[in-house]
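Participant: I am attaching a structure below and will ask some questions about it afterwards.
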């Protein structure tokens, strides 16, 4: 057995131990598909910057078969890796990656692929996920699309080197696959702020769409069943997953926050972690109450280090810990933290629903969440 094959088997054992991989077909795919073929080079964190790593570096193969996300592009710039290799670590925002294998396993299993299904992947990336799909579904059953022509060209080479030949096209993933083929399953490995209607038009009635939501608070996985009229209905999934957004669904950069006065700080019984941490049950409901609100790191100020919330309308909340107590200061046209505290009371009165008690309805006219059953209380998705 080769070294890479041993590392693949070890990765599968990790995924089994994490309880994210169960189906024999996907176990076989993860054992067979050589992830290292798709990651000849990537970026590694280096003291707040990004260092360039390639297949000649010590530890490269072990890193490829780790459980980590591996960043492959910064700032949509295909030349940034070469610059980092030549000049040393560079700054930048990740814009493409090979996702954590655990998240990939969760999404692939939630897709509920059947023998003979035709599958569309939105977001080709390195091509590794398309290879896993191709191994499971067979030749000619998988199509994948990405907006970046450099990424697609590299993925085609990687896929061919690994022995897989899905249909790879350059295009805006929000518009579906350029050829207009109908699919049994659609999987988006990037997040979206709302469900693109062209996906539903390209999904056979009764087919499934699995994607992640680009919500700064309360993101996660949803699975929708396509209807015959271009609509869809489904559920928010208990198993969580978060991805970079499609380029058209990226959020604008937040403006610089104002500095609160000393007297603006007030104690709160609601910790910021309850609002922001995915493992906390309240986080999903908090996102429903705070649409458009996003967290930003706020660690550069000695007077107010911590995490802040901001909204495009100019409303903001700063948070800090003082003597073990949670404190907030807020400003702008709306008192965001008062909204969050009221939402926590509301959530408790609703018996603290977790994310999998929520569903999603998508039509041409509206996209909304609902609690437990359609027709009751709703919240806008977008």
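Where a number appears in this text, it was derived from the coordinates with a stated rule and is not lab data. Worth saying up front: this structure is predicted, and the values here are computed from it rather than measured. Note that each Cβ is placed from the backbone with ideal geometry, even for glycine, and that neighbours are counted across all protein chains shown.
Participant: In a Gaussian network model over the chain where Cα atoms closer than 10 Å are linked, find which of 110, 364, 283 has the largest mean-square fluctuation.
Facilitator: Checking each option, the largest mean-square fluctuation is seen for 364.
Participant: Turning to a different aspect of this structure: Shape of segment 171-238 from its Cα gyration tensor (a ≥ b ≥ c, root eigenvalues): rounded if a/c is under 1.5, otherwise prolate when a/b > b/c, or oblate?
Facilitator: oblate
Participant: Read through the labelled values [x] 47; [y] 53; [z] 58 and report the label of the one computed as percent of Cα pairs over 27 Å apart from the structure.
Facilitator: [y]
Participant: Provide the three semi-axes, in whole Å and in decreasing order, of the ellipsoid equivalent to segment 267-354 as defined by the square roots of 5 times the Cα gyration tensor eigenvalues.
Facilitator: Ellipsoid half-lengths, sorted descending, are 21, 15, 11 Å.
Participant: Using label points projected 7 Å from each Cα along Cα→Cβ, tell me how many nm separate residue 150 and residue 335, to one decimal.
Facilitator: 4.9 nm
Participant: Once each part is reduced to its C-alpha centroid, what is the distance from segment 1-78 to segment 212-245 in angstrom?
Facilitator: 26 Å
Participant: Here is a follow-up. Using Cα springs under 10 Å in a Gaussian network model of the chain, which residue among 46, 155, 308 shows the largest mean-square fluctuation?
Facilitator: 46
Participant: Relative to the first principal axis of the alpha-carbon coordinates of the chain, what is the inclination of helix 128-137, with its axis defined by its Cα atoms, in degrees from 0 to 90 and to the nearest 10?
Facilitator: Computed tilt is about 60 degrees.
Participant: Extending each Cα 7 Å along its Cβ direction at residue 157 and residue 349, get the distance between those two points in nm, one decimal.
Facilitator: Output for this residue pair reads 6.0 nm.
Participant: Determine one quarter of the surface area of the Cα convex hull of segment 1-149, which equals its mean projected area, and express it in nm² to one decimal. Show your work: numbers first, answer last.
Facilitator: Details: hull surface 38.0 nm².
For segment 1-149, averaging the hull's shadow over all directions gives 9.5 nm².
Participant: What is the helix-to-structure angle for 336-349, meaning the angle in degrees between its Cα long axis and the longest Cα principal axis of the chain, kept from 0 to 90 and rounded to the nearest 10?
Facilitator: Between the helix axis and the principal axis of the chain, the angle is about 80 degrees.
Participant: Additional query: What is the antiparallel percent of DSSP beta bridges lying wholly in the chain, to the nearest 5?
Facilitator: The answer is about 75 percent antiparallel.
Participant: Further question on the same structure: Compute the helix-to-body angle for 3-17: its Cα long axis versus the longest principal axis of the chain, expressed 0 to 90° and rounded to tens.
Facilitator: Long axis of 3-17 versus the principal axis of the chain: about 40 degrees.
Participant: Taking Rh as the Kirkwood radius computed over C-alpha pairs, what is the Stokes-Einstein D of segment 18-100 at 25 °C in a medium of viscosity 0.890 mPa s, expressed in µm² per second? Don't skip to the end; give the middle numbers.
Facilitator: Details: Rh = 13.8 Å.
Taking Rh from Cα pairs, D becomes 178 µm²/s.
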